[in-house]
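First the structure, in the form of structure tokens, and then the observations on it.
The values are calculated or read from the model by the stated rules, or taken from the named source; none is laboratory data. Everything quoted here is computed from the prediction, not taken from an experiment. Because the Cβ atoms are built from the backbone with ideal geometry, glycine has one as well, and the counts that use them run over all protein chains shown.
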Amino acid sequence: MAKAAPASVKKEIEELREKLRYHEYRYYVLDDPEISDAAYDRMMNRLKELETAHPELVTPDSLTVRVGGAPREGFSTVRHARPMLSLDNAFSFDALREWDRRVREGSGQEKIEYIAEHKFDGLSISLQFEDGVLARGVTRGDGATGEDVTPNVKTIRSIPLRADTAVLKKVKLPADFEVRGEVMMTKKAFEALNREQERIGGKIFVNARNSAAGAVRVLDPSITAARRLDFFAYYLLVDGKVRFAKHSESLQALKQLRFRASDDWKLCAGIEAVIAYCEDWDAKREKLAYEIDGVVIKVNSVAIQNELGYTAKAPRWATAFKYPARQETTVVNDIIVQVGRTGTLTPVAVLEPVQVGGVTVSRSTLHNMDEIERLGLQIGDTVLIERAGEVIPHVLKVVKEGKNRKPFRMPRHCPECGSTIHHVEGEVAYRCVNAACPAKRKESILHFAGRHAMNIDGLGDKIVDQLVDKGLVKDVADLYALKESEVAGLERMAEKSAQNLLEEIEASKKNSLARLIYALGIQFVGERTAQLLAEHFSSLEELAAGKEEELEEVPEVGPKVAASIVEFFSEPANCQLIKKLRKAGVHPTAEKRVVKSQKLAGKSFVFTGSLANRSREEAGELVIRI
């Protein structure tokens, strides 16, 4: 029987949690921190230390749950206590006045008191609290039923995981209640995300809403945590019903409960005051920290809301005024090509600089050749571009063909390294498959050094950046030629740490053929496929010489994967890289796996969480060998 934790430990854990909740509220909701990040981290690390030593004291509302756990197999569904309906839209002030007329006639009132709020451009979420603790986070879904994304929403720092009991009593709210609001990404967080994507050569996101919505609906909560999402609350329900007599009282109660809610809502006496609010915020919405695409207008009186009721799709007592999309015309002066981290070529329109929504726009991604052909776009054409909440604008259509228009053609050779560009008939992507291409170099090295690849501990982003920027490493084979004096001269490196890194690099030479195959970053070749290839071929050279029909003899390798492998080894630069690796001493041969029986043949196993005596990888290997 496990020994109970001392009372002093329990007390320290509770005090730490209370302090952390307070400082998260100051930082993420009020944007007014009282302590440094380092001081916050020290408290959080102490809490993790205590909870690791005493796992029986971990609770669902502990702040340590925010870091994001292991990926899940899928989402379960939850039925909403009250349907999460969408809103009807008004695109003009006349439409708003017509809606106001229907509201007044339906309620029998001469004048209606409205609440005007920002229309956040995000993803609607229901947060369900039980006994004061966040129990579930559920997406809107089809309105009646949503997806349970609880582990994901728990990573969002502006969502309190526990409600203060004293505040619940003060606002006369039971411990079981529901908060509805919008998960979104601030402009600052979105721009930081795209800067990071650009740095690693990853996908550039078109708008904050899609990247926020996508982050909430991924199966890996650590991705959600990394996106730095925010949550703004705007509804408060108990058993599917509004608790207060006025919507404005719900907004005030949400603030008292330490939820982030807009400070910019306004009580409007009639529709003309609403229209003035819409005009006012249209002029200054660019200065907000987040994107809004309109204004939500709600009848303030809950009694009148109930009297007006709903249509099949939307409440009659609320509507959304949508701001017009921000569009401008400009000329496409050129189309250039950018090479992403996977080697995919992306055409980019170089535009005559133009102001769109207060931002100077000079470039716009064209995504791929299919999009260029769909638009019928050529260099010299005048195009309509739109920036409606997007930081990155997109081309809507060609409005005027240029006099001396010139068609764009994808280059035959990579603009970064000169290697031949590969394109498979029927596929959208044009790709550079040179593993040492400068555009892919840093990402290729990081992948090569990864835990599931060559497992070179200590070779992280900052070290790789320096090695590449200083010209010390041009491809993964150059890692094995590094000298201690070169590594010790890097920022934040000393003689001992340089020595440790070089020992890790040297030790990686003894890794299996399967790890090396995976480490090369061949498209469609993951860890499982790499293992199967290593069991079939005796060396990297034998794999490189394999024909498509030979490769398809390997279990789970189909035409697409086989073609990708042949394509990779047909690139002369990759063949040269293999020779360099062999010369450096990286030349593993296959180790045939001994399978003792067929007891578990055809079965699938999934390991999640922590195992007591071995890693998940070791457990998987054990199952394979049974």
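Please give the strands (runs of 3 or more DSSP E) falling wholly within the range 248-330 in which 2 or more residues are among the β-branched types (Val, Ile, Thr).
On the way: elements: 266-269, 292-299, 318-322.
Where strands (runs of 3 or more DSSP E) fall fully within the range 248-330 and carry at least 2 residues being among the β-branched types (Val, Ile, Thr), they are 292-299.
I need a count of the residues in the range 367-396 that are in a loop (DSSP other than H, G, I, E, B) and at pLDDT below 90.
Counting residues in the range 367-396 that are in a loop (DSSP other than H, G, I, E, B) and at pLDDT below 90 gives 9.
Given the conditions (1) over 24 Å from residue 437 (Cα atoms); (2) of a type in the set (Ser, Thr, Tyr); (3) buried (at least 16 other Cβ atoms within 10 Å of the Cβ), and given that residue 485 satisfies all but one, which numbered condition is not satisfied?
Checking residue 485 against (1) over 24 Å from residue 437 (Cα atoms); (2) of a type in the set (Ser, Thr, Tyr); (3) buried (at least 16 other Cβ atoms within 10 Å of the Cβ), the one that fails is (3).
Please go through the range 337-357 and give me each residue that is among the hydrophobic types (A, V, I, L, M, F, W, C), in contact (Cβ under 8 Å) with a residue 24 or more places away in the chain and under 20 Å from residue 429 (Cα atoms), ordered by number.
337, 339, 345, 349
Taking the condition of being assigned to a strand (DSSP E or B) and in contact (Cβ under 8 Å) with a residue 60 or more places away in the chain, how many residues in the range 130-152 meet it?
9
Exactly one condition in (1) more than 30 Å from residue 519 (Cα to Cα); (2) part of a loop (DSSP other than H, G, I, E, B); (3) among the small types (Gly, Ala, Ser) is false for residue 439; which is it?
For residue 439, the exception is condition (1).
Which of the following residues is surrounded by fewer than 20 Cβ atoms within 10 Å (Cβ to Cβ), on the phi > 0 side of the Ramachandran plot and of a type outside the set (Asp, Glu): 450, 471?
Of 450, 471, the one residue that is surrounded by fewer than 20 Cβ atoms within 10 Å (Cβ to Cβ), on the phi > 0 side of the Ramachandran plot and of a type outside the set (Asp, Glu) is 471.
Considering only the range 197-222, state which residues are over 29 Å from residue 138 (Cβ atoms) and either in a helix (DSSP H, G or I) or modelled with pLDDT of 75 or more (or both).
The answer is 198, 199, 200.
Look at the range 90-121 and say how many of its residues are surrounded by fewer than 14 Cβ atoms within 10 Å (Cβ to Cβ) and in contact (Cβ under 8 Å) with a residue 12 or more places away in the chain.
3
Residues to consider are 509, 496, 462; find the one that is among the basic types (Lys, Arg) and either under 23 Å from residue 522 (Cα atoms) or touching a Cys at 6+ places or on another chain (Cβ under 6 Å) (or both).
So the residue among 509, 496, 462 that is among the basic types (Lys, Arg) and either under 23 Å from residue 522 (Cα atoms) or touching a Cys at 6+ places or on another chain (Cβ under 6 Å) (or both) is 509.
Can you spot a residue in the range 298-309 that is of a type in the set (D, E, K, R), crowded, with 16+ Cβ neighbours inside 10 Å and in contact with a strand residue (DSSP E or B) (Cβ under 8 Å, 6 or more places away or on another chain)?
Yes.
Of everything in the range 323-361 that's surrounded by fewer than 18 Cβ atoms within 10 Å (Cβ to Cβ) and charged (D, E, K, R), which residue is nearest to the chain's Cα centre (by Cα)?
328
Search the range 498-527 for residues being of a type outside the set (A, V, I, L, M) and free of Cβ contacts under 8 Å to residues at least 60 places away in the same chain, and hand back the single one that is farthest from residue 586 (Cα to Cα).
Looking at the filtered set, the residue picked out is 524.
Assess whether residue 243 counts as being under 18 Å from residue 179 (Cβ atoms), surrounded by 15 or more Cβ atoms within 10 Å (Cβ to Cβ) and out of contact with any strand residue (DSSP E or B) (no Cβ under 8 Å at 6 or more places or on another chain).
no
Does residue 2 satisfy being modelled with pLDDT under 80, more than 27 Å from residue 125 (Cα to Cα) and over 29 Å from the mean Cα position of the chain (by Cα)?
Judged against the criteria, residue 2 is a match.
Would you check which residues across the range 136-188 are surrounded by 15 or more Cβ atoms within 10 Å (Cβ to Cβ), of a type in the set (Gly, Ala, Ser) and at pLDDT 90 or above and list them?
137, 163, 181, listed by residue number.
All but one of (1) more than 30 Å from residue 394 (Cβ to Cβ); (2) surrounded by fewer than 18 Cβ atoms within 10 Å (Cβ to Cβ); (3) at pLDDT below 90 hold for residue 284, so report the exception by its number.
Checking residue 284 against (1) more than 30 Å from residue 394 (Cβ to Cβ); (2) surrounded by fewer than 18 Cβ atoms within 10 Å (Cβ to Cβ); (3) at pLDDT below 90, the one that fails is (1).
Of everything in the range 547-576 that's within 33 Å of the chain's Cα centre (by Cα) and among the hydrophobic types (A, V, I, L, M, F, W, C), which residue is surrounded by the fewest Cβ atoms within 10 Å (Cβ to Cβ)?
Here the residue is 566.
Mind listing just one residue for me: the one in the range 434-471 that is under 26 Å from the mean Cα position of the chain (by Cα) and among the basic types (Lys, Arg) and, of those, nearest to residue 489 (Cα to Cα)?
462
Taking into account only those residues within the range 397-419 that are assigned to a strand (DSSP E or B) and loosely packed, with under 15 Cβ neighbours inside 10 Å, which is modelled with the highest pLDDT?
Applying the filter and picking the extreme gives 406.
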